[in-house]
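Presented below is the structure to which this report refers.
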């Protein structure tokens, strides 16, 4: 069991290191939030908190930081006091940086999987899907 965790941790550490080396890097957190907002336009921080099983105030701070970087827009739904209630959307700059970041990470995965057979790729994807669907923590 420990080896599985160690391998997952190594994947994460490589992704973090890669993010630091690329042009206009995004942290894994920024990338995850931008991808979620991009896939769920109009979502709110509370939706993200629920989907990621995170504290709403933590997500609100992270979303606000993305807005300050110009990567997301916190829509004005008439309640300027309730930032968590604002509909979110990714800006053009946010979409561009997300696209570049994902392309670099996907290329790194593609390079690591070079030479794997179709059967090995299917089995690996199935195992990852099973692992990721096993729990919400």
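Any read-out appearing in this document is the output of simple, stated calculations on the displayed coordinates, not a laboratory observation. Every value quoted in this text rests on a predicted model; they were computed, and no experiment measured them. Neighbour counts run over all protein chains shown; Cβ positions are idealised from the backbone, glycine included.
One table, with the values for the structure above:
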quantity	calculated
In nm, spacing of pseudo-spin labels at residue 3 and residue 102 (7 Å Cα→C-beta vector)	3.4 nm
Label-point separation in nm, residue 73 to residue 57, each point 7 Å along Cα→Cβ	3.0 nm
Order of 133, 32 - criterion: other Cβ atoms within 10 Å of each residue's Cβ, fewest first	133, 32
Expected 222 nm ellipticity per residue - DSSP helices of 4 or more, -39500 (n - 2.57), all of the chain, to 500	-21000 deg cm²/dmol
Additional length obtainable on full extension of the chain from residue 133 to residue 11, 0.36 nm per residue less Cα span	42.1 nm
Linear extension gain, residue 125 paired with residue 110, 0.36 nm per residue minus alpha-carbon span	4.1 nm
Which of 37, 104, 8, 22 has the fewest Cβ neighbours within 10 Å, and the rest in rising order	8, 22, 104, 37
